[in-house]
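A.B. asks: Below is one structure. I have some questions about it.
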Amino acid sequence: MKIHILGSCSGTEPMPGRHQTAWILETAGRLYQFDAGENCAWTAHTNNLNVAALRALFITHPHFDHVGGFPHLLWTRSKLHNYHKIPLAEEVLPVFTPEPEQWAHLAELMICLRKKKDPVFAATKVVDGEVFSDEALRVEALHNRHLRVPENGDWRSFSYRIFAEGKRIVYSGDLREAAELDEWFASGCDLVLMESGHHRPWEAAAHIREAAGTKVRKLVFIHHGRDYLERPEETAELTRKAWGEPVVFADDAMTMEI
């Protein structure tokens with residue numbers, strides 16, 4: 001099982017060598033994507049990841065640094081299929097998102113570009129609990145307060161817990177605070193993909209260690225904010241001390257085996 005980082009940056013201004021958040025999980029010969037920040041299709045294709053083979057896409061929340069690369073992703077899939085005759089694993093790509101209304105507008109954009117009304121993706125609303133399951137993967141969602149507590153109870157930001165090959169991965173998405181995932185941390189996981197755009201990484205690492213002890217086997221930071229972007233060596237050292245062992249700060253085009 002592998003994780004491929006397509007974009008490692010938060011929604012700052014454009015940063016040299018980094019694009020906004022997206023990553024692919026490769027398991028059992030299948031590909032599943034989480035978030036779709038700018039240029040995700042470019043990074044995938046130029047690193048020999050076949051986006052035509054995607055089985056599903058999971059969006060944490062509707063901010064543009066997590067969805068801005070989606071039209072190009074669809075366009076690339078179409079080019080690979082129509083011009084290079086590469087088969088699509090899913091002719092209509094399943095997209096799981098807290099805000100399907102946003103994706104209805106993206107569908108209108110694709111119709112405008114393609115001059116066709118046949119669907120190229122289908123958006124399903126994310127709610128707490130299991131959102132997806134197939135022969136290789138199971139995904140659970142848990143709402144968080146990144147976009148505040150909704151008055152109508154309609155949560156718009158989620159974290160994901162992923163089960164595959166007997167292992168667990170927790171992907172934070174964007175959070176108000178790390179403590180929102182304490183239940184998942186304490187139950188144990190093989191990997192935590194933790195955002196650092198809204199938290200000091202060393203403080204998040206210290207909290208996860210306190211909440212989970214040694215039940216979290218590996219900690220990886222993604223969606224980098226100012227601490228790491230402006231002071232990478234200092235931030236990495238402070239975070240290592242807080243965690244008690246080395247942690248990983250993801251780079252674009254990085255691949256990790258789990």
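Every number here is computed from the coordinates shown, using simple stated rules; none is lab data. Because the structure is a prediction, the values reported are computed rather than measured. When we count neighbours, we look across all protein chains shown, and the Cβ atoms used for this are built from the backbone with ideal geometry, even at glycine.
A.B. asks: Return the inverse of the average 1/r over all pairs of distinct C-alpha atoms in region 62-168, which is the Kirkwood hydrodynamic radius, in Å to one decimal. Don't jump to the answer; show the numbers that get you there.
C.D. replies: Working: mean 1/r = 0.0640 Å⁻¹.
Hydrodynamic radius (Kirkwood, Cα only) of region 62-168 equals 15.6 Å.
A.B. asks: What whole-number distance in Å separates the alpha-carbon centres of region 208-258 and region 140-172?
C.D. replies: When both Cα centres are located, 20 Å separates them.
A.B. asks: If you don't mind, there's one more thing I want to ask. Full extension from GLU233 to GLU165: what is 0.36 nm times the residue separation minus their Cα-Cα distance, to one decimal in nm?
C.D. replies: Working: separation 68, 0.36 × 68 = 24.48 nm, distance 3.40 nm.
Using 0.36 nm per residue and subtracting the Cα-Cα distance, I get 21.1 nm.
A.B. asks: Can you pull the one-decimal nm distance between simple spin-label points at CYS112 and HIS45, each 7 Å off the Cα toward Cβ?
C.D. replies: In this crude label model, CYS112 to HIS45 measures out at 2.1 nm.
A.B. asks: Quick one: which residues, 5+ away or cross-chain, put their amide H under 5 Å from the amide H of GLY173? H built at 1.01 Å from N.
C.D. replies: Amide H neighbours of GLY173, under 5 Å, 5+ apart: TYR160, GLU195.
A.B. asks: Something else about it: Springs between alpha-carbon pairs under 10 angstrom, Gaussian network model over the chain: which of VAL247, VAL170, VAL149 fluctuates most?
C.D. replies: Of VAL247, VAL170, VAL149, the most mobile in the Gaussian network model is VAL149.
A.B. asks: Follow-up question, since we're still on this one. Can you list residues from other chains, or at least 5 along the same chain, whose modelled amide H is less than 5 Å from the amide H of VAL216?
C.D. replies: Here the answer is CYS189, since their amide H atoms fall under 5 Å of that of VAL216.
A.B. asks: If I model a spin label as a point 7 Å beyond the Cα along the Cα-Cβ vector, how far apart are those points for ILE86 and VAL149 in nm?
C.D. replies: 4.6
A.B. asks: What number, rounded to the nearest 500 deg cm²/dmol, is the helix-based mean residue ellipticity at 222 nm of the chain, given -39500 (n - 2.57) per DSSP H run of at least four residues and division by all its residues? The partial results should precede the final answer.
C.D. replies: On the way: 8 runs with 73 residues, N = 258.
Rounded to the nearest 500, the figure is -8000 deg cm²/dmol.
A.B. asks: Moving on. Specify the residue with the greatest mean-square fluctuation among GLY11, GLY153, GLY188, computed from a Gaussian network of the chain linking alpha-carbon atoms under 10 Å apart.
C.D. replies: Largest GNM mean-square fluctuation: GLY153.
A.B. asks: Quick one: which residues, 5 or more positions from PHE132 or on another chain, have an amide H under 5 Å from its amide H? H modelled 1.01 Å from N in the peptide plane, none for Pro or chain starts.
C.D. replies: Counting only residues 5 or more places away or on other chains, the set is VAL139.
A.B. asks: Membrane-span-like helices in the chain: DSSP H runs reaching 24 Å or more (Cα, own axis), mean Kyte hydropathy at least 0.5? The partial results should precede the final answer.
C.D. replies: On the way: long enough: none.
Helices passing the filter in the chain: none found.
A.B. asks: Now, a different point. Which of ASN152, ASN82, ASN144 moves the most in a Gaussian network model of the chain with Cα springs under 10 Å?
C.D. replies: ASN152
A.B. asks: Calculate one ³J(HN,Hα) per residue across region 152-167 by plugging θ = phi - 60° into the Karplus curve 6.51 cos²θ - 1.76 cosθ + 1.60, and present them in order as whole Hz with x for glycine and proline.
C.D. replies: With the stated coefficients, region 152-167 comes to 8, x, 9, 5, 10, 9, 9, 9, 10, 10, 10, 10, 7, 6, x, 10 Hz.
A.B. asks: Is the shape of region 113-258 rounded, prolate or oblate, going by the alpha carbon gyration tensor and its root eigenvalues a ≥ b ≥ c, with a/c under 1.5 for rounded and a/b larger than b/c for prolate? Let's see the in-between values first.
C.D. replies: On the way: a/c = 1.59, a/b = 1.52, b/c = 1.05.
Prolate.
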